[in-house]
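This report refers to the structure that appears directly beneath it.
The values are calculated or read from the model by the stated rules, or taken from the named source; none is laboratory data. Since this is a predicted model, take the numbers as computed values, not measurements. Counting neighbours? That spans all protein chains shown, and the Cβs are built from the backbone with ideal geometry, glycine included. Keep in mind that these areas ignore ligands, DNA and RNA; they rest on the heavy atoms of the full protein, side chains included. Shrake-Rupley method; radii C 1.70, N 1.55, O 1.52, S 1.80 Å.
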Amino acid sequence: MSDTRSDGELLRAIAADADRRAFEELYRRYAPWLRARLRGRCADLGVVDDVVQETFLAVWRGKARYREDGDAAGWLWRIGSRRLVDTLRGDGARGRLRQALARLRHRDEASAEERVLAGVEHGDLAGALVRLSPELRAVLQATVIDGLTTREAAVLLGIPPGTVKTRAMRARKQLREALA
């Protein structure tokens, strides 16, 4: 039998027995990888380190439940990326987001995001996204997919809020043109 335990074995040992050695092994195996991935989404190393710690703390305390058939790396990424978004949003931002979404539900005019998503049926969204510059794609991911505010996206990407607004406007314009 190998001395190296599988991810599933480590996670079962952590959940069932609070096995500290299993936890340390899982941490050594995945913390550097998770830190590198989160670093690609957030310029603030302090925030990234806090999110990595919070992610593994959730695993240790059993607040995050691993399903046996899942990929441990993907599972840790989902926890970490959600915690990053939550950290960047803060509690006040969550309430503002709910209010903004409630207002959007009652508008007659479709938003730029809704028009782009509608274009999926009639255009090549994947191709249009690939043709965007990496800077424009990053802004769209932060604001549309992750649902961050301009200010939160600016912190995440390490750029001024005005640049986020300009890039988002350019990205939406290019997508509308590509999908028209």
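General observations
- Scaling against 2.2 N^0.38 Å puts the C-alpha radius of gyration of the stretch 1-51 at 1.37.
- For Ile14, the accessible area of its heavy atoms, probed at 1.4 Å with every protein chain present, is near 10 square angstrom.
- Where labels lie 7 Å past Cα in the beta-carbon direction, separation of Ala43 and Thr4 in nm: 3.7 nm
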